[in-house]
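Everything below concerns the one structure shown next.
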There are 2 protein chains.
Amino acid sequence: MKKQLYIVKIGGNCIDNPNELGPFLENFARLPASKILIHGGGKIATQISQKLGIVPKLVEGRRITSKEELEVVTMVYAGLINKKIVATLQSKNCNALGLSGADANTILAKKRPVKTIDYGFVGDIEEINTEIIELLLQKNTIPVFSAITHDKKSVLLNTNADTIASSLAVALSQNYETTLIYCFEKKGVLKDTEDENSIISTLKFQKYEELKKQEIIYKGMIPKLDNCFDALQKGVQKVIISNIDFIKNKDLPHTEILL
Amino acid sequence: MKKQLYIVKIGGNCIDNPNELGPFLENFARLPASKILIHGGGKIATQISQKLGIVPKLVEGRRITSKEELEVVTMVYAGLINKKIVATLQSKNCNALGLSGADANTILAKKRPVKTIDYGFVGDIEEINTEIIELLLQKNTIPVFSAITHDKKSVLLNTNADTIASSLAVALSQNYETTLIYCFEKKGVLKDTEDENSIISTLKFQKYEELKKQEIIYKGMIPKLDNCFDALQKGVQKVIISNIDFIKNKDLPHTEILL
């Protein structure tokens with residue numbers, strides 16, 4: 001039987017809030033199985049960009065990563081946030097080790113080709129190299145990934161943290177019984193965005209298509225859910241969307257994504 | 001016979017200059033043995049601190065690391081510089097993996113106690129944990145250390161990169177035939193600071209004591225050389241001080257430190 005592995009992604013809202021991040025990391029540290037954490041960036045990069053006089057550019061809600069912005073996200077995601085999380089997990093006796101996709105060439109990406117929009121230094125994942133990741137897991141060392149990858153031509157790339165989580169889950173599901181958990185600000189996918197408790201407990205692909213047509217699922221939830229279904233289609237055993245409390249108590253409300 | 005290991009420390013001057021850093025990393029990547037790189041910070045952290053409106057405090061030539069400064073050095077050393085070096089080494093087919101001392105608890109430090117001066121968030125090394133480092137070396141993965149450590153109570157600490165290099169060399173000399181190389185801006189320790197070519201080819205401890213008394217060796221060279229002698233006393237096989245060209249050609253002028 002394959003060994004169990006949890007791949008947990010936490011979003012920016014959680015990172016920005018010490019009252020959420022602390023308890024989340026406490027619960028993550030206590031998860032009894034092998035595990036990997038992937039973290040987004042939150043508002044800190046935007047705040048530091050502003051202080052440095054860099055004007056953030058957004059196109060269709062997505063940040064364009066200029067050379068200056070890339071330096072800021074590299075500093076903030078792979079430096080400040082990643083090392084703070086690692087040091088906090090270490091204090092909770094969780095032997096964390098922070099990584100970017102450049103480290104040990106774990107996540108190889110390609111600069112997104114310019115079609116209508118030039119996203120700048122944004123990477124689309126091409127390859128996951130699991131050898132060092134699996135070696136660390138075998139030694140009970142917990143990889144903590146920031147959302148920075150590279151192209152193996154010395155260029156670092158800003159990469160969607162949800163996609164990093166699903167790509168890692170797919171690659172590792174070869175050798176592990178993998179559960180992918182997206183923690184975000186809500187308890188799950190909502191039937192009614194006005195009602196925080198209208199959680200869809202299981203979401204199948206056909207239902208997802210319907211809800212998209214009805215515009216009940218929209219905006220940022222679409223790429224997140226696309227990542228979920230993609231992971232399931234490519235062999236990930238279980239995919240969950242919930243808030244940070246789910247890590248503590250799996251009986252709490254959540255959405256399980258099913259094919 | 002023990003396997004050979006090079007532990008190479010590059011200073012801030014090299015990091016600040018792309019015309020030096022590129023060729024250095026090219027030569028480091030080509031070193032045929034197991035190797036570890038430790039990098040300092042250079043002026044980038046000071047520049048970013050200034051842009052962020054943080055006024056750097058120096059006492060007796062040493063930077064005091066306030067909470068705000070610690071955040072900047074964590075971003076710059078463990079994020080920006082570390083990941084740029086890793087991505088560059090990856091492009092040269094050197095399977096680099098960036099680490100701070102918090103990662104896998106590799107370098108445990110203690111916040112420096114306040115005596116006459118409060119250095120702020122500065123760490124003195126207490127313990128090196130080599131298990132994960134040796135595992136990486138066995139897999140031909142090259143650790144690249146930034147000068148950030150932790151206290152295992154969730155606090156990150158700014159730590160002298162020279163001391164990190166010597167402490168790693170001492171710990172790893174148990175299982176490796178270790179050569180510790182300090183690359184700085186000069187070709188070696190100088191007999192005459194006015195004459196760049198007056199390199200002392202071998203420096204023994206007794207001679208070092210004499211040169212200190214004569215004030216031929218002074219200021220920043222003293223803690224650097226103390227680290228060198230400390231490493232030799234604790235079992236490191238060879239200690240060299242030179243500039244970055246030495247990595248390319250070991251016949252070039254350099255200072256070998258001897259007990």
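The values are calculated or read from the model by the stated rules, or taken from the named source; none is laboratory data. Source: prediction; values computed, not measured. For neighbour counting, all protein chains shown are included, and Cβ atoms are generated from backbone atoms with ideal geometry for every residue, glycine included.
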inquiry  = As an exercise: evaluate B:LEU135 against (1) within 7 Å of another protein chain (Cβ to nearest Cβ); (2) under 19 Å from the mean Cα position of the chain (by Cα) and give the number of the one condition it does not meet.
reply    = (2)
inquiry  = Is it the case, given these coordinates, that A:GLY42 is more than 10 Å from chain B (Cβ to nearest Cβ), crowded, with 16+ Cβ neighbours inside 10 Å and assigned to a loop (DSSP other than H, G, I, E, B)?
reply    = yes
key: Residues being touching a helix residue (DSSP H, G or I) at 6+ places or on another chain (Cβ under 6 Å) and within 13 Å of A:GLU256 (Cα to Cα) - total across segment A:179-204   = 2
inquiry  = Within segment B:34-55, take every residue that is among the β-branched types (Val, Ile, Thr) and within 20 Å of the chain's Cα centre (by Cα) and give me the one that is farthest from B:TYR119 (Cα to Cα).
reply    = B:ILE36
ask   = In the set B:ILE85, B:ILE107, which member is touching a strand residue (DSSP E or B) at 6+ places or on another chain (Cβ under 8 Å), over 22 Å from A:LEU70 (Cβ atoms) and not small (Gly, Ala, Ser)?
value = B:ILE107
inquiry  = B:VAL76 - would you say it is in contact with a strand residue (DSSP E or B) (Cβ under 7 Å, 6 or more places away or on another chain), among the β-branched types (Val, Ile, Thr) and at the interface with chain A (Cβ under 9 Å from one of its Cβ atoms)?
reply    = no
request  = Determine whether segment A:93-116 contains at least one residue that is in contact (Cβ under 8 Å) with a residue 60 or more places away in the chain, closer than 30 Å to A:LYS187 by Cα, in contact with a Lys or Arg (Cβ under 7 Å, 6 or more places away or on another chain) and more than 10 Å from every other protein chain (Cβ to nearest Cβ).
outcome  = no
message = Being under 30 Å from A:THR106 (Cβ atoms), aliphatic (A, V, I, L, M), buried (at least 20 other Cβ atoms within 10 Å of the Cβ) and touching a residue at least 12 places away in the same chain (Cβ under 8 Å) is the requirement here; does A:ILE217 meet it?
response = no
ask   = Does B:GLU126 meet the test of being out of contact with any helix residue (DSSP H, G or I) (no Cβ under 9 Å at 6 or more places or on another chain), modelled with pLDDT of 95 or more, charged (D, E, K, R) and under 28 Å from A:SER91 (Cα atoms)?
value = yes
task = Return the only residue of B:ILE240, B:ILE247 being within 27 Å of B:LYS3 (Cβ to Cβ), surrounded by fewer than 23 Cβ atoms within 10 Å (Cβ to Cβ) and not hydroxyl-bearing (Ser, Thr, Tyr).
result = B:ILE240
task = Residues being away from chain B (no Cβ under 14 Å) and at positive phi: count how many of those fall in segment A:45-65.
result = 2
query = Going by the structure shown, is A:GLY53 touching a residue at least 60 places away in the same chain (Cβ under 8 Å), assigned to a loop (DSSP other than H, G, I, E, B) and farther than 26 Å from B:LEU137 by Cα?
reply = no
ask   = Restricting attention to segment A:88-96, does a residue exist that is among the hydroxyl-bearing types (Ser, Thr, Tyr), in contact with a Leu (Cβ under 8 Å, 6 or more places away or on another chain) and crowded, with 23+ Cβ neighbours inside 10 Å?
value = yes
inquiry  = Tally up the residues in segment A:128-149 that are assigned to a loop (DSSP other than H, G, I, E, B) and surrounded by 24 or more Cβ atoms within 10 Å (Cβ to Cβ), please.
reply    = 1
Complete set of residues in segment A:102-120 that are surrounded by fewer than 23 Cβ atoms within 10 Å (Cβ to Cβ) and over 17 Å from the mean Cα position of the chain (by Cα) = A:LYS110, A:LYS111, A:ARG112, A:PRO113, A:VAL114, A:LYS115, A:THR116, A:ILE117, A:ASP118, A:TYR119, A:GLY120
query = Quick one: A:SER198 ticks every box in (1) more than 14 Å from chain B (Cβ to nearest Cβ); (2) over 16 Å from A:PHE229 (Cβ atoms); (3) touching a residue at least 40 places away in the same chain (Cβ under 8 Å) bar one, so which box is it?
reply = (3)
note = Taking segment B:56-71 and keeping residues under 19 Å from the mean Cα position of the chain (by Cα) and part of a helix (DSSP H, G or I) leaves B:LEU70
request  = Determine which member of the set B:LEU259, B:LEU252, B:LEU172 is touching a strand residue (DSSP E or B) at 6+ places or on another chain (Cβ under 9 Å) and surrounded by 17 or more Cβ atoms within 10 Å (Cβ to Cβ).
outcome  = B:LEU172
key: Which numbered condition B:GLY12 misses (of (1) more than 7 Å from every other protein chain (Cβ to nearest Cβ); (2) closer than 20 Å to B:ILE244 by Cβ; (3) in contact with a Ser or Thr (Cβ under 8 Å, 6 or more places away or on another chain))   = (3)
query = Only one of these conditions is not met by B:ASN93: (1) in a loop (DSSP other than H, G, I, E, B); (2) at pLDDT below 95. Which number is it?
reply = (2)
inquiry  = Checking the condition farther than 21 Å from B:SER166 by Cα and at pLDDT 95 or above, which residue from B:LEU31, B:LEU70, B:LEU37 passes?
reply    = B:LEU70
ask   = How many residues are under 12 Å from A:LYS110 (Cα atoms) and either within 9 Å of chain B (Cβ to nearest Cβ) or surrounded by fewer than 24 Cβ atoms within 10 Å (Cβ to Cβ) (or both) if we restrict to segment A:150-169?
value = 7
message = Looking at the structure I just gave you, is A:ILE181 closer than 17 Å to A:TYR6 by Cα and buried (at least 21 other Cβ atoms within 10 Å of the Cβ)?
response = yes
note = Heads up, the strands (runs of 3 or more DSSP E) in segment B:169-259 (entirely inside) with at least 1 residues that are of a type in the set (Phe, Trp, Tyr) are B:176-183
task = Please verify whether segment B:183-197 includes one or more residues that are closer than 25 Å to B:GLU71 by Cβ and of a type in the set (Val, Ile, Thr).
result = no
